[in-house]
Amino acid sequence: MTIPVPYYLALSAVLFTMGALGVLIRRNALVVFMSIELMLNSVNLSFVAYARQLGGLEGQVTVFFVMVIAAVEVVVGLAIIVAIFRSRDTVDIDDVDLLRG
Amino acid sequence: MNALIEIIIFGAAAAGALAGAVGIIASAAPVRSALSLLLVLGSLAVLYLLLAAQFIAVLQVIIYAGAIVVLFLFVIMLLHMRTGEGRATKLPRQRPAAVVLAAAFLAVVAAVLRGVPSAPAAAVPEEFGTAQAVGRMLFTTYVLPFELASMVLIVGIIAAVVIGRGPR
């Protein structure tokens, strides 16, 4: 392992920030969702990097569970987006503001 | 020589991941965002291989690139929606505020990262990160969370069917 762990952590931090930025500035629900996936993946990278650094497999097992939950989350989330599109004919999150009062 | 190759691969994969991340949040068309997401996921799979996590790398390609991105593309095609974000946002100055907050977050994380000690990596056995090694841990120490994950998957499938069926 030639590349030290802080490089992976820095990459992970930048990817996470970009994902958070995407959630904040994009209004297309699908793109917001992809940004969330980006954040999940950046955290996975930290887990795998530290699993290698510390020589334990627990980090990789954690990533496995994150992937399972991410798959479920995408399936349910996309179903919700499709349902919203059916009833309101939009995927713009600014148009879905019933809770705004 | 090996070290040089590893540095080159890391640089290429990191550049790919960053380019893809920019593509996700900057593309006007959702299809391009989805393909940028694919680029990020592929680059991360390469990094996982560098980190001796071959099982996770294969899972990354199968689950994320194979299933999740395809699902995204499927929904984008299905909805066939207007893609533009033309009208002004309802929250004033949301975009500059978001950029400032993101920059502040990155600065905080960078300050934390500066304190990370760069110790040499632990020596790992040959079979570190293989499906056999990870699988053995999954089915011994973490067998209860593993079974719970299958429950979550079932609930997710049922929820998707119920939500996707629509009103009767």
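Any read-out appearing in this document is the output of simple, stated calculations on the displayed coordinates, not a laboratory observation. Bear in mind that the values here come from a model prediction, so they are computed numbers and not experimental data. Reconstructed Cβ throughout: ideal geometry from the backbone, glycine too, with neighbour counts over all protein chains shown.
Structure notes:
- Take each peptide in B:65-74, B:32-41, B:91-100, count the other Cβ atoms within 10 Å of every residue, and average; sorted highest first, the result is B:32-41, B:65-74, B:91-100.
- Only helices enter this figure: runs of n ≥ 4 DSSP H residues, each worth -39500 (n - 2.57), summed and divided by the residues of chain A, yield -27500 deg cm²/dmol at 222 nm to the nearest 500.
- The distance between label points at B:Ile157 and B:Val70 comes to 1.6 nm (points 7 Å beyond Cα on the Cα→Cβ vector).
- The angle separating the long axis of helix A:5-25 from the principal Cα axis of greatest extent in chain A is about 10 degrees.
- The relative contact order of chain B comes to 19 percent, based on Cα pairs under 8 Å that sit 6 or more residues apart.
- Across region B:67-74, rounded Karplus estimates of 3J(HN,Hα) from the backbone phi angles (6.51 cos²θ - 1.76 cosθ + 1.60, θ = phi - 60°) give 10, 6, 5, 4, 4, 4, 4, 4 Hz, Gly and Pro being marked x.
- Relative contact order, percent, chain A [alpha-carbon distance under 8 Å, six or more residues apart]: 27 percent
- Label-to-label distance, B:Met77 versus B:Ala123, with points set 7 angstrom from Cα along the beta-carbon direction: 5.2 nm.
- Peptide B:45-56 has a mean of 6 when you count, residue by residue, the C-beta atoms of other protein chains within 10 Å of its C-beta.
- Peptide B:156-162 has a mean of 5 when you count, residue by residue, the C-beta atoms of other protein chains within 10 Å of its C-beta.
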